[in-house]
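Comments concern the structure below.
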Amino acid sequence: MSNLTEIRWHGRGGQGAKTAALLLADVAFQTGKYVQGFPEYGPERMGAPITAYNRISDKQIRVHSNIYDPQYVVVVDESLLETVDVTKGLKKDGAILINTQRTKEEIIPHLKGYEGEVYIIDAHKVSMATMGKYFPNTPLLAAIVKVAGIMDEETFLKEMESSFKHKFASKPEVIDGNMAALKMAMQEVQ
Amino acid sequence: MGKRERLSGNEAVAIALRQINPDVFPAFPITPSTEIPQYFASFVANGQVDTEFITVESEHSSMSATIGASAAGARALTATSSCGLAYMWEELYIAASNRLPLALALVNRALSGPININCDHSDSMGARDAGWIQIYAENNQEAYDNMVQAFRISEHKDVRLPIMICQDGFITSHAVENIELLADNEVKDFVGEYEPENYLLNPKQPMAVGPYAITDYYMEAKRNQAEGMKNAVAVVKDVAKEFAKISGREYGLFEEYFMEDAERAVVIIGSAAGTTKDAIDALRAKGEKVGLIKIRLYRPFPADELAKALKNVKAVAIMDRAEGYSNHGGPLGADVMSALYRARSQALAVNYIYGLGGRDVRVEDMESVFDALKQIVEDGDAGETYRYLGIRE
Amino acid sequence: MASDVNKLGVKTKWQDLTEGMIIVGSGTSKEFKTGEWSSVKPEFIEDKCKQCLLCVPVCPDSCIPVKDMKRGAFDLEHCKGCGICVKSCPFGAITMEGVK
């Protein structure tokens, strides 16, 4: 089971954390992996804290429980740091990726003494610069692929482009912005 | 040729239905099964199927319309969950007693109350005596494969009974996982054309469906109906064999996992079986002789085969994702224990209620069940046979 | 054959019943002689009859045959003796014990 990567997403209803988890499952699948992408099952409630999960493995995934000891945590909305125990169970040799406009130094005190690696990205900046609207999940998807080393950048971008072409077949004008967001996010994550 | 994909369980079932291209699909939405008719409606709109898709105003009507269509001679089905199934109650019995080979894609969800939209098996377990064939899935792949096999079983001349293809709400219905799909023509050829012997829209041979039967007839009618259920066992096996030829995936009445030398076993239905397999792998690595039986066919219940598969175990935990309020366990527990009793089994058996209303089942939870079985074997006594798994107390 | 209606009967074994108790064929109710359900029957007084045929559609058991626009004698093999025809006749051409 050593090749199993488990990721937990924390967001708010409507921010696209579930979609990001499903997209991540999608791209990882394209590279031949076994994947799981699923939301915390419950009614859709805009603004309420939600959790989504990913498992990515070289072997068939049979377990059907939530993820309690993830290797990676993605925080889509930093206001959740104050209300949700986002680092709960997070492995020390793992990492947390947070969408914030603050610096790492400002963020770390809010992580309840988490000793693993901390990455930040300003998804708002990336999203506004590339897409002109706030869609945090696209930059965060690129950032977690890079942080977790799920696949190399070139393969990721290639797979995402074909995925976007399929997904946005009816509005191809948004594909360039989304691709630019992915590329910029990979540079911006720190 | 199989096609590798990644799909949620609902998408997978919807695709199976597109490939089957049924004649009639009446539908009314309810979480978590809504996506099945939703995806299917897009197939209708895109002209990928020529199904008559009927949007009705309730589940009472969706099942009634399915029954009407089936009696008329159509291959018909609907989808639902939870309260939707409860609202079909009367019709479930009508479909079965009229020997109509229709299908229901059921996405298992708890019944109220407290009101809850998450997975447990209380909906379909409540319908277990309605005379429907019930087949359950561990994951999206099995939900898809079972749906492809459904009409071959239900329409078989020795069976002619409605069939319920069940999967776990949200846990498999909404989780995207890897899956291998069959080619459209493979499914089409496998399922074949539906050619009913008698049907209402046959102008050459008028008929009446659903007559009143007085006491003089009723019991014989029910016994006749039971024969279809008896025959279903062999048909389920035969259809699975043929399915293996086109898919490479083998199915039986239930799946045995490390049962050859198992001293302790779990009997379970649905998605938690996969989680249990991981627990078994971990325990086997420590040399513990543990195994699993995952029920696929729950109605009719494969009692004799199951007792045989369990004949060498010292202790068994039967896992129910539904309450029975009998004060001694759930429906699966009752079925398995009576099977063991009839086979004069010496196994010590306990019945767990678990995972109600979507309560998460972890690998550790299933390890704790095997631990409890270890204690039971050591004690030589089952102790309390009606237990709750992971309850706060 | 599982759908042979002639096999339906109170002495039929479960093995011989039709599947789902379906009744295949049309007009099978003719085989069911409901006439024995009552001992009192309507009487047709042809002399008083004006052939208005008002009695024909009201009979729940279709026991009043019509030929060449004229009604004939009652089909007493199926008449249950309900007396509705007596009430429907404006000319007193149908009588029955106990019905006014």
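For residue A:93, state whether it is more than 30 Å from residue B:280 (Cβ to Cβ), of a type in the set (D, E, K, R) and away from chain B (no Cβ under 12 Å). Taking the combined requirement at face value, the residue does not satisfy it.
Just checking, which of A:112, A:104, A:165, A:125 is charged (D, E, K, R) and at positive phi? Exactly one residue qualifies, and that residue is A:112. Against the list (1) modelled with pLDDT under 95; (2) within 14 Å of chain A (Cβ to nearest Cβ), the condition residue B:113 fails is (2). Counting only strands (runs of 3 or more DSSP E) wholly contained in region B:1-107, the ones carrying 2 or more residues that are under 20 Å from residue B:134 (Cα atoms), of a type in the set (Ser, Thr, Tyr) and modelled with pLDDT of 95 or more occupy B:77-80.
Of all residues in region A:17-39, those satisfying the criterion of being within 14 Å of residue A:142 (Cα to Cα) and not β-branched (Val, Ile, Thr) are A:17, A:20, A:21, A:22, A:23, A:24, A:25, A:26, A:28. Being within 17 Å of residue B:294 (Cβ to Cβ) and more than 10 Å from chain A (Cβ to nearest Cβ) is the filter here, so list the residues in region B:165-182 that pass it. Those that are within 17 Å of residue B:294 (Cβ to Cβ) and more than 10 Å from chain A (Cβ to nearest Cβ): B:165, B:166, B:167. When residue B:224 is tested against the conditions (1) touching a residue at least 24 places away in the same chain (Cβ under 8 Å); (2) part of a helix (DSSP H, G or I); (3) out of contact with any strand residue (DSSP E or B) (no Cβ under 9 Å at 6 or more places or on another chain); (4) surrounded by fewer than 24 Cβ atoms within 10 Å (Cβ to Cβ), the lone failure is (1).
Just to be sure, is residue B:229 without any contact (Cβ under 8 Å) to a residue 40 or more places away in the chain, outside any loop (DSSP other than H, G, I, E, B) and either within 14 Å of another protein chain (Cβ to nearest Cβ) or more than 30 Å from residue C:11 (Cα to Cα) (or both)? Step through it out loud before you land on a result.
Working: without any contact (Cβ under 8 Å) to a residue 40 or more places away in the chain: no; outside any loop (DSSP other than H, G, I, E, B): yes; either within 14 Å of another protein chain (Cβ to nearest Cβ) or more than 30 Å from residue C:11 (Cα to Cα) (or both): yes.
In short, no.
Scanning region B:357-387 for residues that are within 14 Å of chain A (Cβ to nearest Cβ) and farther than 19 Å from residue B:288 by Cβ turns up B:357, B:358, B:359, B:360, B:361. The number of residues in region B:188-225 that are within 14 Å of residue B:99 (Cα to Cα) and either among the small types (Gly, Ala, Ser) or not assigned by TED's automatic domain parsing to the domain that holds residue B:97 (or both) comes to 3. Just to be sure before I move on: is residue A:103 under 21 Å from residue A:50 (Cα atoms) and hydroxyl-bearing (Ser, Thr, Tyr) in the structure I sent? No; evaluated as a whole, the condition is false for this residue. I need a count of the residues in region B:268-279 that are among the aliphatic types (A, V, I, L, M) and part of a loop (DSSP other than H, G, I, E, B). Total satisfying the criteria: 1.
Restricting B:265, B:240 to residues that are touching a residue at least 24 places away in the same chain (Cβ under 8 Å), in a helix (DSSP H, G or I), in contact with a Gly (Cβ under 8 Å, 6 or more places away or on another chain) and away from chain C (no Cβ under 14 Å) narrows the list to B:240.
The condition (being touching a residue at least 24 places away in the same chain (Cβ under 8 Å), part of a loop (DSSP other than H, G, I, E, B), in the same structural domain as residue B:273 (by TED's automatic domain parsing) and within 24 Å of residue B:169 (Cα to Cα)) is satisfied by just one residue among B:361, B:313: B:361.
The values are calculated or read from the model by the stated rules, or taken from the named source; none is laboratory data. The structure displayed is predicted, hence computed values, not measured ones. Neighbour counts run over all protein chains shown; Cβ positions are idealised from the backbone, glycine included.
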